[in-house]
Amino acid sequence: MEQVLQVEDKEDRDLILQILRSLSLTFRPLSIEELIVTAELPTELRNDDDLLELVEHCASFIVRENILYFVHQSAKDYLLTDGARKLFSASLREEHGQVVGRSLDAMSKALKKNMCILRHPGAPARSASIDTRLRAISYVCSFWVAHLVQYLGDNSIDGLSYQEHFSYQGRVYKFLLKRLLHWFEFLSLIGEIDKGIMGLHNLEEKLSPSNNILHHKKFVHDAIRVFRQCRTAVEEAPLQVYCSALIFSPEESVVRQTFKQETLQWISSLSRISYNWNPCLQTLEDHWDSVTSVALSPDGRRLASGSDDYTVRLWDASTGKCLQALEGHGGWVTSVVFSPDGRQLASCSRDGTVRLWDTSTGKCLQTLEAHAKNVSFSPEGSNLVTDSGTLSVRQTLQSGYA
């Protein structure tokens, strides 16, 4: 840090500090193009050797090969703690707010309908050619809501920062009303639909049901329903945000009503389906045979399903994405259950075994012989209880075989 502060040219020093601030605040490594957006660097630096020279001054902190990242987490931790007073002119919360502002500006300028000029509504995302200008907003499109959450903190709905973003003239509300479908089209292009759905969930949590923003909360909640329902189609073909997402949403869907003018011209009329949303939030499809058992993790974030296709699948309960397919059983899976801490999953199969899985890695920890149809953990998590008897988890880890 001292090396940076000793750079003689003030303009260069300020630019270097902007680079370090941006890299310290972001949630993943950045490309050169993304850095220019998040740090609000002069755009002429994009193809200029001057930017690489500025990065050279940060060599003790970051490594570059078009992707910039800290050599070690401790360097980033230092800049956000002991070095923060020298690096940041404002509070970390306010710095996150500046990233939000830059993100909304950049997205509003770059996002538009069919931005990659795909040839037809069913064109797959993999066929798109994403230019440098669009790649530059990849990070902010994926993480602007995460920065907004950091900026708002625990601010009340009466706070200026809250009103600035969520009032009827607020920046976030105006962005969503104009760019929601464009945003999700781009997220599909870069394979980050789940980031968008999780972002909407985080926005919904921040929106209090007060009279002045009640409509905003309904809009965001409806958007979550829309994109959870059409996730598979939009993930495969970006332009389906203007087709499936609207056509198959209920007639009274706020999103459908707001963006009905966005439907493709060759669609003469929208389908008459349900008037409003039904109680089913989402249908998860990936098993090719009957599902026999389902379990929700203790924190409510993951879902496990066992099937007659011999597999166990782990799902993200918020987005509906299949996180892992656990394979190894040689017969129908009849029962699945999470451990009390959610770190392990037990499955019981007609193949005469009970398997214990690591829910983070999907690795099978143990395979135990047990001719049973059901399995569960004891409340303290130290025992597995099956139809054929009780097994100590500690014993299984020592004496079972993989």
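The values are calculated or read from the model by the stated rules, or taken from the named source; none is laboratory data. Because the structure is a prediction, the values reported are computed rather than measured. Using ideal geometry, Cβ is built from the backbone for each residue, glycine included, and neighbour counts are taken over all protein chains shown.
Would you call Ala90 part of a loop (DSSP other than H, G, I, E, B), of a type in the set (A, V, I, L, M) and farther than 30 Å from Leu246 by Cβ? The answer is yes for Ala90.
For region 325-380, give me each residue that is among the charged types (D, E, K, R) and under 22 Å from Gly300 (Cβ atoms).
The initial filter retains those residues of region 325-380 that are among the charged types (D, E, K, R), namely 327, 341, 343, 350-351, 355, 358, 363, 369, 373, 380.
If the condition is that a residue be among the charged types (D, E, K, R) and under 22 Å from Gly300 (Cβ atoms), then Asp341, Arg343, Asp358, Glu380 are the ones that fit.
Do we find a residue being within 30 Å of Tyr173 (Cβ to Cβ) and assigned to a helix (DSSP H, G or I) anywhere in region 48-71? No, because not a single residue in region 48-71 is within 30 Å of Tyr173 (Cβ to Cβ) and assigned to a helix (DSSP H, G or I).
Look at region 136-158: where a residue is within 10 Å of His96 (Cβ to Cβ) and of a type in the set (Ser, Thr, Tyr) and a partner is at pLDDT below 95 and surrounded by fewer than 21 Cβ atoms within 10 Å (Cβ to Cβ), sitting 6+ places away or on another chain with Cβ atoms under 7 Å, you get Tyr151/Arg93; Tyr151/His96; Tyr151/Gly97; Tyr151/Ser161.
Which one of these is touching a helix residue (DSSP H, G or I) at 6+ places or on another chain (Cβ under 8 Å), at pLDDT 90 or above, more than 30 Å from Gly170 (Cβ to Cβ) and assigned by TED's automatic domain parsing to the domain that holds Tyr173: Leu104, Leu118, Leu111? Walk me through how you get there before you give the answer.
Working: Leu104 fails: more than 30 Å from Gly170 (Cβ to Cβ); Leu111 fails: more than 30 Å from Gly170 (Cβ to Cβ).
Leu118 is the lone residue from the list that is touching a helix residue (DSSP H, G or I) at 6+ places or on another chain (Cβ under 8 Å), at pLDDT 90 or above, more than 30 Å from Gly170 (Cβ to Cβ) and assigned by TED's automatic domain parsing to the domain that holds Tyr173.
Residues to consider are Ser91, Ser138; find the one that is surrounded by 19 or more Cβ atoms within 10 Å (Cβ to Cβ), among the hydroxyl-bearing types (Ser, Thr, Tyr) and on the phi < 0 side of the Ramachandran plot.
Details: Ser91 fails: surrounded by 19 or more Cβ atoms within 10 Å (Cβ to Cβ).
Just one listed residue meets the conditions, Ser138.
Can you say whether Pro250 is closer than 27 Å to Ala372 by Cβ and either touching a Pro at 6+ places or on another chain (Cβ under 7 Å) or assigned by TED's automatic domain parsing to the domain that holds Arg231 (or both), as far as the supplied structure shows? Here the answer is no, as Pro250 does not meet what is asked. Can you name the strands (runs of 3 or more DSSP E) wholly within region 328-387 that have at least 2 residues being of a type in the set (Gly, Ala, Ser) and either surrounded by fewer than 17 Cβ atoms within 10 Å (Cβ to Cβ) or modelled with pLDDT of 90 or more (or both)? The strands (runs of 3 or more DSSP E) meeting that bar are 344-349.
Could you go through region 279-290 and let me know if any residue there is at pLDDT 90 or above, farther than 30 Å from Leu118 by Cα and of a type in the set (A, V, I, L, M, F, W, C).
Of region 279-290, the ones at pLDDT 90 or above are 287-290.
From what's left, farther than 30 Å from Leu118 by Cα: 287-290.
Retained after the next criterion (residues that are of a type in the set (A, V, I, L, M, F, W, C)): 288.
The answer is yes; a qualifying residue exists.
Mind listing whichever residues of region 311-322 are buried (at least 19 other Cβ atoms within 10 Å of the Cβ) and either modelled with pLDDT of 90 or more or over 29 Å from the mean Cα position of the chain (by Cα) (or both)? Those that are buried (at least 19 other Cβ atoms within 10 Å of the Cβ) and either modelled with pLDDT of 90 or more or over 29 Å from the mean Cα position of the chain (by Cα) (or both): Thr311, Val312, Arg313, Leu314, Trp315.
All told, Arg119 falls short of being assigned to a helix (DSSP H, G or I) and surrounded by fewer than 20 Cβ atoms within 10 Å (Cβ to Cβ).
Within region 12-35, restricting attention to residues that are more than 25 Å from the chain's Cα centre (by Cα) and under 14 Å from Gln98 (Cβ atoms), the residue that is surrounded by the most Cβ atoms within 10 Å (Cβ to Cβ) is Leu17.
Can you confirm whether Leu148 is within 18 Å of the chain's Cα centre (by Cα), at pLDDT below 95, surrounded by 18 or more Cβ atoms within 10 Å (Cβ to Cβ) and not basic (Lys, Arg)?
Criteria met by Leu148.
Of these, Thr43, Thr38, Thr81, Thr132, which one is surrounded by fewer than 15 Cβ atoms within 10 Å (Cβ to Cβ) and touching a residue at least 60 places away in the same chain (Cβ under 8 Å)? If you could, list the steps in order and put the result at the bottom.
Numbers: Thr43 fails: touching a residue at least 60 places away in the same chain (Cβ under 8 Å); Thr38 fails: surrounded by fewer than 15 Cβ atoms within 10 Å (Cβ to Cβ); Thr81 fails: touching a residue at least 60 places away in the same chain (Cβ under 8 Å).
That would be Thr132, the only listed residue that is surrounded by fewer than 15 Cβ atoms within 10 Å (Cβ to Cβ) and touching a residue at least 60 places away in the same chain (Cβ under 8 Å).
Within region 290-314, residues that are farther than 15 Å from Cys348 by Cβ have Cβ atoms under 6 Å from residues that are of a type in the set (Phe, Trp, Tyr) in these pairs: Ser297/Phe338; Leu303/Trp315; Asp309/Trp288, counting only partners at least 6 apart in sequence or on another chain.
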